[in-house]
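Notes follow once the structure below has been shown.
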Amino acid sequence: MATRTNTAKSLESWIWDAACSIRGAKDAPKYKDFILPLIFTKRLCDVFDDEVNRIAREIGSREKAFQLVKADHKLVRFYLPLLPDDPNEEVWSLIRTLSSQIGEQLTTYLRAIAKENPLLQGIIDRVDFNATTHGQRDLDDDRLSNLIEAISTKRLGLADVEPDIIGKSYEYLIRKFAEGGGQSAGEFYTPGEVGEIMARVMDPQPGMEIYDPTCGSGSLLIKCELAMEARKKAAGEGNFTPLRLFGQEYTPETWAMANMNMIIHDMEGEIEIGDTFKNPKFRVGGALHTFDRVVANPMWNQDWFSEADYHNDELERFPSGAGFPGKSSADWGWVQHIYASMNAQGRAAVVLDTGAVSRGSGNANTNKEKTVRQWFVEQDAVESVLYLPENLFYNTTAPGIVLFLNKAKSAERRGKVFLVNAAKIFEKGDPKNFIPEGGIGRIVETLTEWREEEKLSRIVEVAELAKNDYNLSPSRYIHTGEAESYRPLKEIVAELDAVEKEAKAADAALREILGKIGL
């Protein structure tokens, strides 16, 4: 009998081979918006068959079972209006035996499924498998037929694969797409080990409300649920209330991906679509809904939010003394939104560019980003900062940091910030580095216990942070070796770029004023 680990690896190999059946591994990421919904549909079909079979065993035949679920959709989780000519045939056979106008008919089937299931509307019916660009099919029938046949070789029913295994395999496929996704990868995927560290440090408890304002494929939310379940099962607790998961995503295709990912993991979450920064969807009356935990990896250094976006906010997310962090980077704007979305006992973990914790420090001139950072330190809202290894993320080689916030720091931690420099805790990988399981455990224990260790971690008093002009970069305080006695060059270059942009903006403003007074 195969072990669960072997089963997972087998399913991962199959799911990737199916994706590559179109045009090979190199081109597979281009077709993720076709591949993900189709594998998701295969899971729906096989689970629906299992539910029909269960009913058939009770009432005598699949034909009667189909009639019964058609009359009462509540008997199954998702009702599929796909009836084979022979009711004893699997529902997926309708898709597998398509031989002509495959793209058109497949699109019709998926739209029919979505029409019967409000929860799936906009998720599987948004893809047109018959779409063309300049008269050329995006995915022609021959390749689509190959994909369907590859997916057909493995059953994904309730007895064939458990939700955690199909969920992990689906996540594996999303990660593989991220590897070949270039700059767009960071919009929908956070490296699994980073997400696991965040989830385990957040220590979510049963029934808590967890929020991700930039949820991408939903992986950070899912990892919080998995971390909570693993901890409870390890403690021998079999019955516990699941987390309540909330997310918002700007890109429609990624929003659909998040919903599919949530469902295939057999989890329930509320995923909204839209621009969180300008129009956060989770509100109570005229105020933000606040949560027990927030996890997020917003796009780094977004520069398309203006000062007006901050000043016109009606939700009190950008308080006096913090506010606008500058046009060149919205990192601390996102942190402010996240802080406003935390309840009185709330905690958060946010992935940011390394420059976000150091830009402006040491400069004689006023720096907006540093001013916001100072506000957070003086509010005693920053609990920890984790400096990550280089080349983990799929859209950059930069290391990144994780900022941990806490609105209810314990008495012994007040007035202090815990810094961890994990730059050396990684293994080389292809195409990206990764943090091994032992490294994940070491980082989590260090952060959780505030355990000081030479060349790894330090507790720093707020007074020392103030003395260093509110530089929060662990690399500034913890040197991992002789060669790293100086700050990373990328951090310094990023700061110089920010200073140059501010100088140009100030110069332009001065010229405008002088022009108005005739000088």
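A few comments on the model shown:
- Segment 47-60 residues that are of a type in the set (Phe, Trp, Tyr), paired with ones that are surrounded by 15 or more Cβ atoms within 10 Å (Cβ to Cβ) (beta carbon under 7 Å, 6 or more apart): Phe48/Val76; Phe48/Phe78; Phe48/Leu80; Phe48/Val91
- Any hit, segment 388-398, residues being surrounded by fewer than 23 Cβ atoms within 10 Å (Cβ to Cβ), among the aromatic types (Phe, Trp, Tyr) and within 23 Å of Tyr189 (Cα to Cα): no
- In the condition set (1) part of a loop (DSSP other than H, G, I, E, B); (2) within 24 Å of Lys368 (Cβ to Cβ); (3) modelled with pLDDT under 95, Val493 is compliant with all but (1).
- Criterion: assigned to a loop (DSSP other than H, G, I, E, B) and closer than 24 Å to Tyr189 by Cβ - qualifying residue of Leu156, Leu173: Leu156
- Condition check for Pro319: closer than 21 Å to Ile197 by Cβ and out of contact with any strand residue (DSSP E or B) (no Cβ under 8 Å at 6 or more places or on another chain): no
- Residues in segment 449-464 that are out of contact with any strand residue (DSSP E or B) (no Cβ under 6 Å at 6 or more places or on another chain) and either surrounded by 18 or more Cβ atoms within 10 Å (Cβ to Cβ) or not assigned by TED's automatic domain parsing to the domain that holds Asp380 (or both): Leu456 alone.
- Among the residues making up segment 399-439, those that are within 26 Å of Ala466 (Cα to Cα), aliphatic (A, V, I, L, M) and touching a helix residue (DSSP H, G or I) at 6+ places or on another chain (Cβ under 9 Å) are Ile401, Val402, Leu403, Leu405, Val417, Leu419, Val420, Ala422, Ala423.
- Test: residue in segment 212-231 that is free of Cβ contacts under 8 Å to residues at least 40 places away in the same chain, in a loop (DSSP other than H, G, I, E, B) and either on the phi < 0 side of the Ramachandran plot or not assigned by TED's automatic domain parsing to the domain that holds Leu120 (or both): no
- For segment 1-48, the candidate set comprises residues that are among the β-branched types (Val, Ile, Thr) and buried (at least 19 other Cβ atoms within 10 Å of the Cβ); within that set, the residue that is modelled with the lowest pLDDT is Ile22.
- If you go through segment 69-92 and keep only what is without any contact (Cβ under 8 Å) to a residue 12 or more places away in the chain and either more than 21 Å from Leu120 (Cα to Cα) or aromatic (Phe, Trp, Tyr) (or both), you end up with Pro84, Asp85, Asp86, Glu89.
- Failed criterion for Thr446 (all others in (1) surrounded by fewer than 18 Cβ atoms within 10 Å (Cβ to Cβ); (2) of a type in the set (S, T, N, Q); (3) not in a loop (DSSP other than H, G, I, E, B) hold): (1)
- For segment 176-210, a residue qualifies if it is in a loop (DSSP other than H, G, I, E, B), modelled with pLDDT under 95 and surrounded by fewer than 16 Cβ atoms within 10 Å (Cβ to Cβ), but none of them does.
The values are calculated or read from the model by the stated rules, or taken from the named source; none is laboratory data. No experiment lies behind these values; they were computed from the predicted model shown. Using ideal geometry, Cβ is built from the backbone for each residue, glycine included, and neighbour counts are taken over all protein chains shown.
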